[in-house]
Every structure is written in structure tokens, then in C-alpha cells.
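The values are calculated or read from the model by the stated rules, or taken from the named source; none is laboratory data. This one's a predicted model, so the numbers in the text were calculated from it and none came from an experiment. Every residue, glycine as well, gets a Cβ built from its backbone with ideal geometry; the counts of neighbours run over all protein chains shown. Each accessible area value is taken on the protein alone, full model and side chains, heavy atoms only, with ligands, DNA and RNA left out. Shrake-Rupley method; radii C 1.70, N 1.55, O 1.52, S 1.80 Å.
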Amino acid sequence: MGGTFDPIHHGHLVAAEEARWQFDLDTVLFVPTGQPWQKPVGVSPAEDRYRMTVIATASNPAFEVSRVEIDHPGPTYTVDTLRRLRAELGEDARLFFITGADAVLHILTWKDREEVLALAEFIAATRPGYDLERLTERLPLARERLHPMEIPMLAISSTEIRARVARGAPIQYLVPDGVVEYVAKRGLYRSQPAAASGRRHDDQASS
């Protein structure tokens, strides 16, 4: 499960646990992005995002956090991450990429999209208004590699959490308590404007 996780919130955790249960996954590996090529401006330091993800996932033994992207210099691409994970886990491992349905529709813009789909199957957390048929029509390989997943809908976004912190509003119950404490301790998001720039697939509850 990749994303900027800036910050990670309960929506991410619900989607991850639902994917683990629905698809009988052994482990959900959270992969905070290093320098994401589609969202290069205004992202918090990678180490902060990694630590928040570790804090948020610590209570679930099926959750792990990887440094595979944040320790990699330069822009990060999904295909490169999947290549590294495939080399690390071996050819017998069945890899799933958990993301939001809106992000899946952007696969057509990704680097080496056909190889991405060959390296991993996609679990797409469904949201109202997204038609995955558009993707499979334009990229036939996706039809057999894409699995829609219905999840409980939580109206939580990383964008809104950052905006709430910036204006002094509480974020308790939107993120795990440890993340609330970490954000306060580090003073994250306090100087950011209420309207954040572009979204990536981790911004919404189902990503």
C-alpha cells in the first residue's frame, strides 16, 4: 500500500485491514513515498511520514512499513518499487497493490504501466463516481489484474487533516493518537495554507 501518508489516517488503516481480510493477505506492507514524481511540492519530510506510519500501524501484527522508497534518492515510481519488492520477495510471492479507485484510473499516466500491471495485481478501494470500466477499455491487461474492493466509507482526507492543523482545529479521532502526538511534537502542517495543492492516491479515506 503506497502513498505519501501525509499524514496517515484511519481511512488508510481501514482500507488496509479490509484488503487483508477480503483477499486473505499474509501482510500489508505500507510504503511511504520518497520524492513522489506526481506530487513533488509541499510534501512533509520522508522521515516524518515514515515515523507516523510506523506509529499508526504498530498495533497490527499483519502491518509492516517499508523504507524501500524513502531510502531511494530521486523521484519514486511505482514500477521501480515493485521491481525491488519482487526481487526481495521472490517470484513465488503474489503481490497486490492497494490503492483508491481514483488513483487506479491514473495508471494510464504511469511509467511503464504494462509492467506495473504484470508485477502486481491491483486492489481498488471503490468510491462513488469512479468507473473502472474506463480503465479496462483502454488497458485490456487491467481487466484480469484489477480487483474492486468495497470498504466502509470514511470522509477523511490527508488534505483536510493538514488544513485542520493549519487553522488550529483538532484532528483527534481522524488519525491514531500516536500520530496526533507526533504532529504536535514536530509542529507539522502549522504553516501550510488551508487549501493544499494536488492530491495523490493517499489523500482520501480509501487510499
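Within segment 150-172, is there a residue that is in a strand (DSSP E or B), open to solvent by less than 10 Å² (accessible area, probe 1.4 Å) and either of a type outside the set (F, W, Y) or in contact (Cβ under 8 Å) with a residue 40 or more places away in the chain (or both)? Show your work before the answer.
Going residue by residue through segment 150-172, those that are in a strand (DSSP E or B) are 157, 172.
Okay, now just the ones that are also open to solvent by less than 10 Å² (accessible area, probe 1.4 Å), so none.
Scanning segment 150-172 turns up no residue that is in a strand (DSSP E or B), open to solvent by less than 10 Å² (accessible area, probe 1.4 Å) and either of a type outside the set (F, W, Y) or in contact (Cβ under 8 Å) with a residue 40 or more places away in the chain (or both).
If you filter segment 173-207 down to residues that are at pLDDT 95 or above and among the charged types (D, E, K, R), you find that the one that is surrounded by the fewest Cβ atoms within 10 Å (Cβ to Cβ) is K185.
Condition first: within 29 Å of A184 (Cβ to Cβ), open to solvent by 10 Å² or more (accessible area, probe 1.4 Å) and not hydrophobic (A, V, I, L, M, F, W, C). Can you find one or more residues in segment 73-83 that meet it? Scanning segment 73-83 turns up no residue that is within 29 Å of A184 (Cβ to Cβ), open to solvent by 10 Å² or more (accessible area, probe 1.4 Å) and not hydrophobic (A, V, I, L, M, F, W, C). Each residue in segment 45-72 was checked for being open to solvent by less than 20 Å² (accessible area, probe 1.4 Å) and at pLDDT below 95, and 1 pass.
Apart from one condition, L89 fits all of (1) touching a Ser or Thr at 6+ places or on another chain (Cβ under 6 Å); (2) under 24 Å from V65 (Cα atoms); the exception is (1). Restricting attention to segment 141-185, the residues that are closer than 29 Å to D112 by Cα and of a type outside the set (V, I, T) total 12.
Considering (1) over 16 Å from the mean Cα position of the chain (by Cα); (2) in a strand (DSSP E or B), the lone condition that E114 does not fulfil carries the number (2).
Being within 12 Å of L29 (Cβ to Cβ), among the β-branched types (V, I, T), without any contact (Cβ under 8 Å) to a residue 40 or more places away in the chain and not in a strand (DSSP E or B) is the filter here, so list the residues in segment 63-97 that pass it. Break it down into steps so the answer makes sense when it comes.
So in segment 63-97, the residues within 12 Å of L29 (Cβ to Cβ) come out as 63-69, 81-82, 84-85, 88-89, 93, 95-97.
Within this subset, residues satisfying the condition of being among the β-branched types (V, I, T) are 65, 68, 81.
Next cut, without any contact (Cβ under 8 Å) to a residue 40 or more places away in the chain only: 65, 68.
V68 - this is the single residue of segment 63-97 that is within 12 Å of L29 (Cβ to Cβ), among the β-branched types (V, I, T), without any contact (Cβ under 8 Å) to a residue 40 or more places away in the chain and not in a strand (DSSP E or B).
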